[in-house]
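The next block holds one structure in the form of structure tokens; read it before the comments.
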Amino acid sequence: MKIIFVAHDGTRTEVEASEGESVMQAAVQNGVDGVIGECGGSMMCATCHCYVDEDWIGKTGRRGEGEADMLECAASEVKATSRLSCQIEMSADLDGLVVHLPEAQI
């Protein structure tokens, strides 16, 4: 499955991900700039903040209560499409997912 990361400057990076892997894990394992994932995916930081592309927001699901609380700590503006990428689990339905990265994570 593919994930396309679009950096704040418009640079696109396409990576492969496995079923069940989080978007954050795929980014970190492939060296995508703009995703830190400091807590390793335990939803204890907001350094994997991303904006799900509007064409995909219906497929990724809504952010959970704890996720919404943690996004209040995000370094960049929180938008309606904001998610923690550690909370988006890849599945066949998300093949080709496009996420945009904020200007800063910390």
*Anisotropy class of segment 43-106 from Cα gyration tensor, a/c 1.5 cut*: prolate
*asked:* Using a probe radius of 1.4 Å on heavy atoms only, what accessible surface per residue do you get for the chain? Whole Å² is fine.
replied: 53 Å²
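Determine, for each peptide in 78-84, 43-49, the mean count of other beta carbons within 10 angstrom over its residues, then list the peptides with the highest first. Let's see the in-between values first.
Numbers: 78-84: 18.4, 43-49: 21.9.
Going from most to least packed, we get 43-49, 78-84.
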*Out of every Cα pair in segment 1-46, what percent are spaced more than 17 Å from each other?*
31 percent
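The values are calculated or read from the model by the stated rules, or taken from the named source; none is laboratory data. Note that the structure is predicted; figures quoted are calculated from it, not measured. With ideal geometry, Cβ positions are generated from the backbone for all residues, glycine too; neighbour counts draw on all protein chains shown. Ligands, DNA and RNA are excluded from the accessible area calculation, which covers all protein heavy atoms including side chains. Shrake-Rupley method; radii C 1.70, N 1.55, O 1.52, S 1.80 Å.
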